[in-house]
Amino acid sequence: MQQGPILAFDVGGSFVKAGLVNLGTGTVEGEVLRRPTPAGATPSDVVDLLASMARDLPSSGPVGLAFPAVTKRGVAWTAANIDKRWVGTNAQALLEARIGRPVAFLNDADAAGIAEITLGAGKGREGTVMLLTLGTGIGTAIFVDGRLLPNTELGHLEVRGEEAEHRASAKVKSDLNLGWSEWAAALNEVLEAYHRLLWPDLFIIGGGVTENWEKFGSLLRSRAEIVPAHFRNDAGIIGAAMAAATTTRGAGP
Ligand code: BGC
């Protein structure tokens, strides 16, 4: 069993975050490092950055890596908001070779969802729970009675002729300089489209923009309950650490 905190990364289209996660308490120990994603975000540049952040956060044991792509058995299969050279790259093997530690590689929204369903806003919730991460894109994670359906990618679902993440991500809000109510209206259409197809019981809203929950939370509407992510912007790091602890290739049970 892993003793100390677990190092985990959350790679985003705009920033890479890293932290040491105490799984006993479900919290990040010390500060969350946040560095801009290298321009171009090629695999080698990103792995260089991860290795240097790992040096800044001394730890041992397995490492979690949350990534904005479809991930299967260590390989990234899409690259909507990251360099296209990631497609087909075994990111897990690349980072393992670089830092000499086992790596759990998973989709960023799935990672955030794992944190929320295990210890956060979805803890103990039965039925269908859908988490959204609102950042550069929109990530989705769906759980049924606590069990994840991985790689759902519903940020790319077309809503009124345009991908959901091109209408209602946090990046769209800042790029188009939308006010909270205008942006919330676009997000409500996305929630309605998801609800029409999946009938979730609960939506959990995550991503950095939830730091402003009091400005937009009350504007969101759905027939499903809507709550902010308990771990806010740290959910991806915490969930990636949980995945690292339980991966068979790591030091977990
Ligand atoms: C990607 C997803 C990711 C989401 C949030 C989307 O563009 O396709 O894999 O979860 O952005 O980062």
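Structural remarks
- Separation of alpha-carbon centers, segment 97-132 and segment 40-94, rounded to whole Å: 16
- Rounded tilt (10° steps) of 235-246 against the dominant C-alpha axis of the chain: 50
- Principal-axis tilt of helix 108-119 within the chain, Cα atoms, nearest 10 degrees: 90
- Accessible area expressed per residue, the chain, with surrounding protein chains retained (probe 1.4 Å, Å²): 43
- Packing-based order for 158-166, 236-244, 215-223, 15-23, using average beta carbon neighbours within 10 Å, highest first: 236-244, 15-23, 158-166, 215-223
- FRET efficiency, 1/(1 + (r/R0)^6) with R0 41 Å, evaluated for residue 98 and residue 144 via beta carbons: 0.70
- Estimated at 0.36 nm per residue, the fully extended path between residue 180 and residue 35 surpasses their Cα-Cα distance by 49.5 nm.
- For residue 41, neighbours were defined as the other residues whose beta-carbon sits under 15 Å from its Cβ, and their charges (Lys and Arg +1, Asp and Glu -1) total 0.
- Net length available on complete extension from residue 87 to residue 221 is 44.7 nm, with 0.36 nm assigned per residue and the Cα-Cα distance removed.
- Fraction of accessible area attributable to carbon and sulfur, the chain (%, probe 1.4 Å): 51
- Segment residue 52-residue 123, extension gain: residue separation times 0.36 nm, minus the distance between their alpha carbons: 22.2 nm
- Three-way shape label, segment 115-176, alpha-carbon gyration tensor, a/c 1.5: prolate
The values are calculated or read from the model by the stated rules, or taken from the named source; none is laboratory data. All of these numbers come straight from a predicted model, not from anything done at the bench. Cβ sites come from the backbone with ideal geometry, for glycine too, and all protein chains shown count toward neighbours. Areas reflect the complete protein model, heavy atoms only, side chains present, ligands, DNA and RNA absent. Shrake-Rupley method; radii C 1.70, N 1.55, O 1.52, S 1.80 Å.
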